[in-house]
Amino acid sequence: MAVFFLTACGSSVSFSPKENELPDAKVGESYYSTINIEGGRVIGMLAGNSVKPDDLGLHAQHCELPKEVITKNTISTKDNNCIIISGIPAKAGTATVNIHGAIYGNMFKSSEEFNKIYTIKVKNK
């Protein structure tokens, strides 16, 4: 007789970096930071990312899949579990990065929605 214990408490989604702040940016200098979503495969059509305010000069986009995993049957080369925040900030202020979506379920758990908010301090040179 086999006994299985399943834990269904808490979220299985985690983020890297874990903190709520991304590295600081400087006005007029190139900025690049990545965010990784762990705990399951992100559902592409439900994934959304935004950087506010819009006029700060930073934007969010999905990473590209590594070339070694892309085949002729690959439908999309976007890696929905990885987000790049980049740009050249035009003015000082605080940017808010909102990462939201859902991960696919499996036979042991249902799909799960997630929402994570990061801040970036944009400083003058």
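The values are calculated or read from the model by the stated rules, or taken from the named source; none is laboratory data. Predicted model only: the values in this text are computed from it and were never measured. Here Cβ is always computed from backbone atoms with ideal geometry, including for glycine, and neighbour counts include all displayed protein chains.
At-a-glance table
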{"quantity": "Cβ-Cβ under 7 Å pairs, at least 6 apart or on other chains, region 44-68 side more than 30 Å from Lys91 (Cα to Cα), far side among the polar types (S, T, N, Q) and surrounded by 13 or more Cβ atoms within 10 Å (Cβ to Cβ)", "calculated": "Gly44/Asn80; Leu65/Thr77"}
{"quantity": "Contacts under 7 angstrom Cβ, first residue in region 110-125 being more than 22 Å from Lys18 (Cβ to Cβ) and modelled with pLDDT under 95, partner aromatic (Phe, Trp, Tyr) and not in a strand (DSSP E or B), 6 or more apart", "calculated": "Ser111/Tyr104"}
{"quantity": "Scan of region 44-71 for residues that are of a type in the set (A, V, I, L, M) and either out of contact with any Gly (no Cβ under 8 Å at 6 or more places or on another chain) or at pLDDT 90 or above (or both), ordered by number", "calculated": "Met45, Val51, Leu56, Leu58, Ala60, Leu65, Val69, Ile70"}
{"quantity": "Residue within region 37-60 that is surrounded by 15 or more Cβ atoms within 10 Å (Cβ to Cβ) and among the polar types (S, T, N, Q) present", "calculated": "yes"}
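Yes or no, residue by residue, for (1) farther than 12 Å from Lys52 by Cα; (2) of a type in the set (Val, Ile, Thr); (3) buried (at least 17 other Cβ atoms within 10 Å of the Cβ):
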position: Asp79; (1), (2), (3): yes, no, yes
position: Ile83; (1), (2), (3): yes, yes, yes
position: Ala92; (1), (2), (3): yes, no, no
position: Val97; (1), (2), (3): no, yes, yes
position: Gly105; (1), (2), (3): yes, no, no
position: Glu113; (1), (2), (3): yes, no, no
position: Thr119; (1), (2), (3): no, yes, no
